[in-house]
Amino acid sequence: MSMDSPKTYTIKNYGCQMNVYDGERMAELFDAQGMTPADDKNDADIVVLNTCHIREKAAEKVYSEIGRLGKTSRSPGGPMIAVAGCVAQAEGSEISRRAPTVDIVVGPQAYHNLPQMIADVTSGKRAVDLDLPGLDKFSQLPQKRKTGASAFLTVQEGCDKFCTYCVVPYTRGAEVSRSWSALIDEAKALIEGGAKEITLLGQNVNAWTGEDDTGTMQGLDGLIRALDRLDGLKRIRYMTSHPNDMTEGLIAAHGDVEKLMPFLHLPVQSGSDRILKAMNRSHSRDSYLKILDRARSVRPDIALSGDFIVGFPGESDADFADTLSLVRAVGYAQAFSFKYSPRPGTPAADMDTQISTDIMDDRLQQLQSQLVADQSAFNSKMLGKTCEVLLERPGKLGNQLIGKSPWMQSVHVLAPDLTIGDIVHVEITDSGPLSLKGEPTMRAAA
Ligand code: 5AD
Ligand code: SF4
């Protein structure tokens, strides 16, 4: 059935920050076609579901959303439905089979082709593009960048690590780095658009490499140092890193690059060497802890963050106890923890030592209560102290703005005379496990 060409759009992002970045780029692409964001999200001409496949639950959410949209999509005036992102990449034709109301299936490396795909749909075809052509999309997307005070900049995509539980190497393809000049240009455009903070993104962001403008090979630390020299930019962050790509140069940057924030997200997944080996993580508990020690030695106040999986196949009580003891030893400021979710096509999904849901639930609960206690303790150390906060978005209360401390804590500030994008000194008056509250004392120098 042919459809009218869409004039308004809605993009719904799931999963990681890479999808948030991709969603922003799709919006720019649609804007360049003369389309506009729908005022009412439920009344858009095209709905893009920018999906995540990392765990089963994330993937299932997409099908229930398609089901919800599907109820209206074939009635007159209903939206065109596009499934983008990693579920599209991983499940391709299966999506069309399970959800015939879907018009477009587009993988994370092919979304620059959306305008053509929309044209195909308006002339009555279903459009599928799951190519993984490396970095083509970046050169074909519009240059202008929408941005808030804190912006994402994808520097690297894909993963060659093949952890045995993970779908990313299959959905995002091999590791590829964007070029130095493309990144510097995009960073400048973001700063011109009002960004005060740039977070460099990649599945393995610290695997980024590239030649600088003198032809010298640089790693992520070199790129960070170049960004540090850009006027107008106040803060630099990066995520997500792999322990094996945590070079001495990058650790050193935490000690002497002023704009690089004191925060390191370094997933470990497990504290047991036996499980790390079965996960194909290619680092040990000890080598991981040594990296954190080095980071703390150059930047003693650095806030540490990690990802954990409980219930990986074969994980014994003793293995899990190793994870808990690692967590206690590190004292994380933040963390993400998940129950192992078998993903089709990954080696771990076929291991015959799968752990029962009951055991996983119990372990996750134990781990999370430790992590929440550590996070609360980290946050409560801020009470009575003053720190700089970059105000990023409005809060729920009138006059309230929410921003981030250098250590990545959310800070709620009641501030009638402040605006988003301000960096203010805030005295912390209240702390909880997830956020802080504070009162502005003065504006930081612009
Ligand atoms: N099951 C559970 N958690 C997973 N992650 C990746 N794959 C899986 C899986 N199959 C987690 C890891 C990773 C984070 C982004 O998601 O902790 O670091
Ligand atoms: Fe997945 Fe491991 Fe690659 Fe991270 S490093 S994206 S967990 S395969």
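The values are calculated or read from the model by the stated rules, or taken from the named source; none is laboratory data. All values derive from a computational prediction rather than experimental measurement. Virtual Cβ from ideal backbone geometry, glycine too; neighbours counted across all protein chains shown. Ligands, DNA and RNA are stripped out before the accessible areas are found, and what is left, the full protein with its side chains, is counted by its heavy atoms. Shrake-Rupley method; radii C 1.70, N 1.55, O 1.52, S 1.80 Å.
Restricted to the range 395-433, and to residues that are among the aliphatic types (A, V, I, L, M) and assigned to a loop (DSSP other than H, G, I, E, B), which residue is least open to solvent (accessible area, probe 1.4 Å)?
Selected residue: 415.
Considering only the range 232-245, how many residues are part of a strand (DSSP E or B) and within 16 Å of ligand 2 (Cβ to nearest atom)?
Of the residues in that region, 2 qualify.
Quick check on my filter: what residues within the range 300-337 are of a type in the set (Gly, Ala, Ser) and touching a Lys or Arg at 6+ places or on another chain (Cβ under 6 Å)?
311
Out of the residues in the range 339-361 that are touching a strand residue (DSSP E or B) at 6+ places or on another chain (Cβ under 9 Å) and part of a helix (DSSP H, G or I), which is least open to solvent (accessible area, probe 1.4 Å)?
Here the residue is 360.
Could you tell me whether residue 201 is of a type in the set (A, V, I, L, M, F, W, C) and either within 19 Å of the chain's Cα centre (by Cα) or within 16 Å of ligand 1 (Cβ to nearest atom) (or both)?
The answer is yes for residue 201.
Could you check the range 108-129 and list, in sequence order, the residues that are assigned to a loop (DSSP other than H, G, I, E, B) and open to solvent by 50 Å² or more (accessible area, probe 1.4 Å)?
Keep residues of the range 108-129 that are assigned to a loop (DSSP other than H, G, I, E, B), which gives 108-110, 123-126.
Across the range 108-129, the qualifying residues are 123, 125, 126.
If you go through the range 322-342, how many residues are within 14 Å of ligand 1 (Cβ to nearest atom) and under 10 Å from residue 370 (Cβ atoms)?
Here the count works out to 5.
Can you find, within the range 136-158, the residue that is least open to solvent (accessible area, probe 1.4 Å) among those that are in a loop (DSSP other than H, G, I, E, B) and out of contact with any strand residue (DSSP E or B) (no Cβ under 8 Å at 6 or more places or on another chain)?
141
Restricting attention to the range 165-207, report how many residues are assigned to a loop (DSSP other than H, G, I, E, B), of a type in the set (S, T, N, Q) and crowded, with 19+ Cβ neighbours inside 10 Å.
2
Given the conditions (1) over 23 Å from the mean Cα position of the chain (by Cα); (2) within 15 Å of ligand 1 (Cβ to nearest atom); (3) open to solvent by less than 30 Å² (accessible area, probe 1.4 Å), and given that residue 382 satisfies all but one, which numbered condition is not satisfied?
Looking at each condition in turn, residue 382 falls short on (2).
Find the residue count for the range 208-231, including only residues that are touching a residue at least 12 places away in the same chain (Cβ under 8 Å), in a loop (DSSP other than H, G, I, E, B) and either basic (Lys, Arg) or buried (at least 21 other Cβ atoms within 10 Å of the Cβ) (or both).
1
Give the residue that is most open to solvent (accessible area, probe 1.4 Å), with candidates limited to residues of the range 263-313 that are part of a loop (DSSP other than H, G, I, E, B) and free of Cβ contacts under 8 Å to residues at least 40 places away in the same chain. Don't jump to the end; show me each part of the working.
Applying the first criterion (part of a loop (DSSP other than H, G, I, E, B)) to the range 263-313 yields 266-268, 270-272, 279-284, 299-302, 311-313.
Keeping just the survivors that are free of Cβ contacts under 8 Å to residues at least 40 places away in the same chain gives 284, 300.
On the way: 284: 38, 300: 105 Å².
For the range 263-313, the residue satisfying everything is 300.
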